Structure formats: C-alpha cells, structure tokens
Amino acid sequence: MGLKRNVGLMEALRYQGKGPMLTYILHRIGGLSIVIFVGLHILAGYLANHAWGANLGIFINSIYENWLFQVFIFFFALFHAINGLRIVILDLWPKLIEYQREAIWLEWFVFLPIYGIALFVIVRSGLGG
Amino acid sequence: MEVTIKLFRYNPEKDKKPSYKTYKLEALETDRVLDLLEKVKGYQDGTLSFRRSCAHGICGSDAMRINGFNRLACKTLVRDTGAKITVQPLLGMRVIKDLIVDMEPFFEHYRSVKPWLINDDPEPEKERYQSVDQRAVFDDTTKCILCACCTTACPSFWGNEQYVGPAAIVAAHRFIFDSRDKAAAERLKILNEVWGVYRCHTIFNCTLACPREIQITRAIGEVKMALTTGKTE
Ligand code: SF4
Ligand code: SF4
Ligand code: FES
C-alpha cells in the first residue's frame, strides 16, 4: 500500500529550486515557443501559396507580425539561445561548473541589455514611433 | 518563539487521500526541524511517522521537503526556516506513510552502477598505493550519504523515475576516477544507456540540495566528459 509517485506538474513547479530552476523552466518554455513560432511561419508560408488557404495564411502572418507576440517570442527565443550557450559551455568544461552561480548572473547580464534594446525597437515600431 | 508546523499526513490504513495537519509548538531558534518533529510525535501526535537515525547529518535518513526545498531535518535550524514551516515527503517517490517514502527505486539505481571497488589483480602485499593527487580527483564524491535530496530535486527524475539520477552518478564517479579501480569502462557503459547520464540537463537542483555540498553537477559533467574522451585520469 501507499501512494503513487507524487509528482504533478504544479507540485514540481512549486519546488523552491531558485535561480537555476527558473532558467530551466524558461528554457523549456523557450523551446516550445520556438517550435510554435517556426511552425506558424512554415504553415503561413505554405497556406499563403494556396488559394484555398491564403486568408488563413495571412491571418497567421498577422499574429506573428504583431509586436506583442514579438515581445513575447523574442524574450523566450533569446533566453533559450543564451541559456543554451551557458549550458553547452558548462558541459564542455565541467571544471567551470563550480562557478555556476556566477554563470547565471553573467547570463542575465548578457541577456538583459540585448533584450532591452530589442524591446525598445519592437515597442517603438509597434506603437508607430 | 512559537512556531507553526504544517505536516503532510497520510496513513495508508485509514486515509484515502493525503492531507495536512498543523501543529503549534514552542521552539528555540537553534532547534532543528527534526527536534520539532520529535516534539510533535512525543507530545502531540504519536501517530506521526518519519525516518531518522543519527540526528547529526551523517546517516542520510531524514531527507524531506522543508518549506518546498529538499533538506535534512537534522541540519535545518528554525532560525533558517522562520516560524512557519511546511514539511512534505520527497518528490518523485511513493509515499508509504506520512513523511516516509519508498527508497527502493533510489537504491536500485545506486546498485546499478556497481558502487564498490572492482579490481581482480592479485592483492599486493600491503596496500594498493595511491598518490595524494590521485585521491583528490574523487574526494568530493566520497562524501555522499545517500540521502536522496539530489535525485528527488531533479526535474529529469521527476519526469521519469527510470533516470539513474544524480546520486547514482555521484557513486559511479567515486569509483570511475579511483586509480585503484579497474571497472571504469563497465560503469561508463551503464551510464551511457538511454536512462543514464545524458538525461541530466545541467539544471543544478541537485547541487543546491545536497546537504554535503558535493559539486554534483560537476561530477556529472566529468562523467559525461569521460564518456566523450574515454579518459578517466
Ligand atoms: S544537474 Fe542534472 S542531475 Fe542535477 S538536477 Fe539537474 S538534471 Fe538533475
Ligand atoms: S550526493 Fe548529496 S544529496 Fe545526493 S544522495 Fe549524496 S549526499 Fe545526498
Ligand atoms: S538523521 Fe541522520 S542525517 Fe539526519
């Protein structure tokens, strides 16, 4: 007798893993976002070339050309790329893993200005400035 | 000070579902969460079940989720948890009763990496010599007390309990990099399997949770490297 294995999604998300776990969660969301973005892109391109689907294609185009969508997708795609680089570097040089805490700070240090500039450009052109 | 401790409760003989019970008690800042559990069991509710043995951070039996994070109850002070404490069983394991989980899958993974010295060479007259430098290579991973704080903090393990888990890799590391041992290749082959070392996505939950402060992810990284380069020196 006893309970089944006790990990549900919400239970797992509530684990207090702090900084590293946050990067892990953002990385997964990022991966998923990229799949959705690229998937939509391919789908829209395909549909736009067929008379029967052109309208739908244009509609999908308008979603990912929307600046709000771009703010979101750029956050996750950029985070996914930079976080991925951090992990690759740590995997290739395990000795550096001792500095994993600093690596995460460095990652945010690189991410924030790049995203900040992108955000500025996206929002400015989004608001027609 | 008065502390409120909320405990995960489940009695397989009576309860259909687990629940939480809250107890209030007087405690010192220097009390450990284990002391509080003992007080609850001794004075308020004798049915409470949890594991502990040494009470000094060395047997590894009282790992649990304290305020949402894996720790040893005997190494966690009230000073660090604050006056509100929630205690739950480890994640990713079957709960047997209250805070007691079934550790068998964990130990099965541990045994799967052959955590013992393998060397069929004839015994030397005195001892198998090892230099200070050779010993230092795996010093960190000798400190493991098999508490399972790491494995049960690992999202890859939550996702699938077939993943061998950080604790087993730590145990493997301890022998793979031991110059007296001859079975590194055999262990690396085991860790190269589908549910082996590559299920680790360098998340670090294990390292943060380890009460022995073992650089677990680094050890895993070194094992991955050994698999890539074939070098264990
Ligand atoms: S670093 Fe690897 S073993 Fe440790 S918690 Fe993350 S995935 Fe699990
Ligand atoms: S590596 Fe650390 S957390 Fe994992 S079982 Fe050993 S002592 Fe516990
Ligand atoms: S009781 Fe032994 S480690 Fe806590």
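The values are calculated or read from the model by the stated rules, or taken from the named source; none is laboratory data. What you see is a predicted model; the values in this text were computed from it and never measured. Cβ atoms come from the backbone with ideal geometry, glycine included; neighbour counts cover every protein chain shown. The accessibility values were calculated without ligands, DNA or RNA, using every heavy atom of the protein model including side chains. Shrake-Rupley method; radii C 1.70, N 1.55, O 1.52, S 1.80 Å.
Tell me which helices (runs of 4 or more DSSP H) are completely within the stretch B:1-116 and hold 3 or more residues being modelled with pLDDT of 95 or more and more than 26 Å from B:Ser156 (Cα to Cα), or say none if there are none.
B:33-39, B:78-81
Specify which of the listed residues (B:Ala183, B:Ala168) is touching a residue at least 12 places away in the same chain (Cβ under 8 Å), away from chain A (no Cβ under 14 Å), open to solvent by less than 20 Å² (accessible area, probe 1.4 Å) and within 16 Å of the chain's Cα centre (by Cα). Show your work before the answer.
Details: B:Ala183 fails: within 16 Å of the chain's Cα centre (by Cα).
Just one listed residue meets the conditions, B:Ala168.
Rundown of residues vs (1) open to solvent by 60 Å² or more (accessible area, probe 1.4 Å); (2) at pLDDT 90 or above; (3) in a helix (DSSP H, G or I), yes/no style:
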site	(1), (2), (3)
A:Asn55	yes, no, yes
A:Leu68	yes, no, yes
A:Ile82	no, yes, yes
A:Ile89	yes, yes, yes
A:Lys95	yes, no, yes
A:Pro113	yes, yes, yes
A:Val121	yes, yes, yes
A:Ser125	yes, no, yes
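Take the residues of the stretch A:24-60 that are within 14 Å of chain B (Cβ to nearest Cβ) and of a type outside the set (Ser, Thr, Tyr): which is farthest from the chain's Cα centre (by Cα)?
Step by step, filter the stretch A:24-60, then rank; the result is A:Ile25.
Working only within the stretch A:3-23, note down all residues that are within 7 Å of chain B (Cβ to nearest Cβ) and farther than 14 Å from B:Leu208 by Cα.
Selection gives A:Leu3, A:Lys4, A:Arg5, A:Asn6, A:Val7, A:Glu11, A:Ala12, A:Arg14.
When you go through B:Ile66, B:Ile85, B:Ile58 one by one, which is the residue that is away from ligand 2 (no atom under 16 Å from the Cβ) and either within 14 Å of chain A (Cβ to nearest Cβ) or under 25 Å from B:Ala209 (Cα atoms) (or both)?
Testing whether each residue is away from ligand 2 (no atom under 16 Å from the Cβ) and either within 14 Å of chain A (Cβ to nearest Cβ) or under 25 Å from B:Ala209 (Cα atoms) (or both) leaves just B:Ile85.
Filter the stretch B:122-160 for residues that are more than 8 Å from ligand 2 (Cβ to nearest atom), assigned to a loop (DSSP other than H, G, I, E, B) and buried (at least 21 other Cβ atoms within 10 Å of the Cβ) and give the result.
If the condition is that a residue be more than 8 Å from ligand 2 (Cβ to nearest atom), assigned to a loop (DSSP other than H, G, I, E, B) and buried (at least 21 other Cβ atoms within 10 Å of the Cβ), then B:Cys154 is the only one that fits.
What are the residues in the stretch B:190-226 that are open to solvent by less than 10 Å² (accessible area, probe 1.4 Å), more than 10 Å from ligand 1 (Cβ to nearest atom) and hydrophobic (A, V, I, L, M, F, W, C), if any?
B:Leu191, B:Ile214, B:Val223, B:Ala226 - these are the residues of the stretch B:190-226 that are open to solvent by less than 10 Å² (accessible area, probe 1.4 Å), more than 10 Å from ligand 1 (Cβ to nearest atom) and hydrophobic (A, V, I, L, M, F, W, C).
Somewhere in the stretch A:25-36, is a residue among the hydroxyl-bearing types (Ser, Thr, Tyr) and open to solvent by 50 Å² or more (accessible area, probe 1.4 Å)?
no
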